[in-house]
Amino acid sequence: QSSKGKGLDPSDILKALGDKRGASAPNIRRQLRRMKELKLVEKRQDGYHLCEKFSTIVDTFIIPFVVTQSLERLREYSTLLDN
């Protein structure tokens, strides 16, 4: 678990993202809220902290819910295109 260092607040994240597409204060707050609901981050006095190691987050959430779903959708589309 991450307990070292200063946490990040939405303004820190916005500065780090700079002019990236979709990088706005409302989007960042919304994504932080979603991550908090999923217990991926927690809010402390000094900002937001990851609740788990990032590699655990990737293995537990990103691969099953993003990568696997995308691959399944790709297989479905390719089958439709082949027919």
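The values are calculated or read from the model by the stated rules, or taken from the named source; none is laboratory data. Just so we're clear, the structure is a prediction, and the values are computed from it rather than from any experiment. In this analysis, Cβ positions are derived from the backbone assuming ideal geometry, glycine residues included, and neighbour counts consider all displayed protein chains. In case anyone asks, the SASA skips ligands and DNA or RNA and just uses the protein heavy atoms, side chains included. Shrake-Rupley method; radii C 1.70, N 1.55, O 1.52, S 1.80 Å.
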Residue satisfying all of: in the stretch 31-57; part of a helix (DSSP H, G or I) and over 18 Å from I13 (Cβ atoms); least open to solvent (accessible area, probe 1.4 Å) among these: T56
Conditions (1) touching a helix residue (DSSP H, G or I) at 6+ places or on another chain (Cβ under 7 Å); (2) closer than 17 Å to G7 by Cα; number of the one not met by Q31: (1)
Residue within the stretch 17-25 that is touching a Leu at 6+ places or on another chain (Cβ under 7 Å), small (G, A, S) and part of a helix (DSSP H, G or I) present: yes
Per-region count, the stretch 14-30, residues within 14 Å of the chain's Cα centre (by Cα) and open to solvent by less than 40 Å² (accessible area, probe 1.4 Å): 2
For I28: the one exception among (1) in contact (Cβ under 8 Å) with a residue 24 or more places away in the chain; (2) part of a helix (DSSP H, G or I): (1)
Where L74 falls short, out of the listed (1) of a type in the set (A, V, I, L, M); (2) in a loop (DSSP other than H, G, I, E, B); (3) open to solvent by 90 Å² or more (accessible area, probe 1.4 Å): (2)
Cβ-Cβ under 9 Å pairs, at least 6 apart or on other chains, the stretch 66-78 side modelled with pLDDT of 95 or more, far side surrounded by 10 or more Cβ atoms within 10 Å (Cβ to Cβ): none
T60 in a helix (DSSP H, G or I) and open to solvent by 70 Å² or more (accessible area, probe 1.4 Å): no
